[in-house]
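Beneath this line is the structure, given in structure tokens, with notes to follow.
The values are calculated or read from the model by the stated rules, or taken from the named source; none is laboratory data. Quick caveat, the model's predicted, so the values are computed rather than measured. Every residue, glycine among them, receives a Cβ derived from its backbone with ideal geometry; neighbour counts consider all protein chains shown. For accessibility, only protein heavy atoms count, side chains too; no ligands or nucleic acids. Shrake-Rupley method; radii C 1.70, N 1.55, O 1.52, S 1.80 Å.
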Amino acid sequence: MTEMNEMNEIKPSQPGYSLWQIARYMLALGTWGFGGPVALVGYMYRDLVERRHWISEGEYKEGMALAQLMPGPLAAQLAIYLGYVHYRLLGATLAGLAFVLPSFLMVVAIGAVYKAYGGIAWMQAVFYGVGAAVIGIIAMSAYKLTTKNIGKDKLLWAIFVVSAAVTVITQSEIVWIFLGAGVLVWLWRAPPKFLSGGTVNSVAAPLAAFFAIDALDWHKLGQIGAFFAYAGSFVFGSGLAIVPFLYGGVVQEHHWLTDRQFVDAVAVAMITPGPVVITTGFIGFLVAGFWGAVVAAAGTFIPCYLFTILPAPYFKKHGKRPGIVAFVDGVTAAAIGAISGAAIVIGQRSITDLPTAALALITVGVLWRFKKVPEPVVVVVAALAGLVLYPLAVHP
């Protein structure tokens, strides 16, 4: 009887959209959503919370908090959680697959061309323009998230600034910052009763899941699967955090790729839409062909899927309690700070001269002035500008 009552408590409210609509949206975002995790989570907020009102502000914050606290790619986990909000396991599965599949197919196709022709010379030129425009897109996304979620709350602003500074200084996203921010706001706004002499009101915490690869016929596929499953299970943060980990394993430990090939793999992930972590599919393809790409991508994304759907019922059931709301607000402020800091870190790598700085500023100006300009159009124009400007910048 108790189990039935709990199921009724977390029964989803009637959504204003269909399962097919959320899957189609994630498919479109995975196909046209440039800019990596920082931009992608901004798109989801703009489209699903502000414009379409499919997802509430609180539900989005819950998803962001969960995605930041669990290991794995940020944008993919948020997409999975938003699919879960009203359509539970089926929604989470379809949303996750729809979001990841387009970019996976793209990197496999690019990998085939790359192997056939021994490299892609135009890639650097395209990334020269796209990378600069993406910084402008990320800056606008960070600005919108900040103004909407932090407002005038001084404590949240302090958390935001600290998280952004730590991200810039360490060039990584530290999970303890998010946890600490959540606990701080929780204790400040809604301290538990035991701190004032009352009784402890505990909430059951979900157990961490893990993903393992075993008994594969091909030894190399087994190595690929195990390595990328480990990366997906234990690396916190966005694509920004997982890249150095991948470099250590793929180049330095296993010697599957050269330095140049790894840089090209990261560039492929940056110039294709969808999650940056899809670079694992490109790496897998270079190492062991199509099935290497499948195993690498599955090894990376299955853990993040499990880490999202297993705790999700707890977030839905207990998410309205004052202590949980305060905790989520703290984690959200830290997450937005990390996103803003990541924009600075990525900008240092993408804005290298006056033309790239100009492209980034023009992108911000266009998106500020013309609200309805689609980002894919901006990215295509930036790619064409890169093809023209890069040869001039390298060979003045």
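When we screen THR356, THR308, THR352 for residues that are outside any helix (DSSP H, G or I) and either at pLDDT below 85 or not aliphatic (A, V, I, L, M) (or both), the only hit is THR352. Just need a number here: residues in segment 117-166 that are modelled with pLDDT under 80, of a type in the set (S, T, N, Q) and under 30 Å from VAL268 (Cα atoms). Qualifying residue count for the region: 3. Scanning for something over 14 Å from PHE290 (Cβ atoms) and β-branched (Val, Ile, Thr), does segment 99-109 turn up at least one residue? Yes, some residue in segment 99-109 is over 14 Å from PHE290 (Cβ atoms) and β-branched (Val, Ile, Thr). Number of residues in segment 109-159 that are touching a residue at least 60 places away in the same chain (Cβ under 8 Å), of a type in the set (Val, Ile, Thr) and part of a helix (DSSP H, G or I): the value is 9. For segment 32-43, the criterion of a residue being touching a Ser or Thr at 6+ places or on another chain (Cβ under 8 Å), in contact (Cβ under 8 Å) with a residue 12 or more places away in the chain and farther than 25 Å from ALA231 by Cα is satisfied by at least one position. Given the structure, is VAL325 outside any loop (DSSP other than H, G, I, E, B), modelled with pLDDT under 80 and under 17 Å from the mean Cα position of the chain (by Cα)? Taking the combined requirement at face value, the residue does not satisfy it.
Of the residues making up segment 54-72, just one is modelled with pLDDT under 85 and of a type in the set (S, T, N, Q), namely GLN68. Residues in segment 181-198 that are at pLDDT below 80 and either farther than 14 Å from VAL331 by Cβ or open to solvent by less than 50 Å² (accessible area, probe 1.4 Å) (or both): ALA181, GLY182, ALA190, PRO191, PRO192, LYS193, PHE194, LEU195, SER196, GLY197, GLY198.
For the residues ALA205, ALA212, the requirement of being in contact with a Pro (Cβ under 9 Å, 6 or more places away or on another chain), at pLDDT below 90, open to solvent by 40 Å² or more (accessible area, probe 1.4 Å) and among the small types (Gly, Ala, Ser) singles out ALA205. If you filter segment 50-108 down to residues that are assigned to a loop (DSSP other than H, G, I, E, B) and surrounded by 24 or more Cβ atoms within 10 Å (Cβ to Cβ), you find that the one that is nearest to the chain's Cα centre (by Cα) is PRO73.
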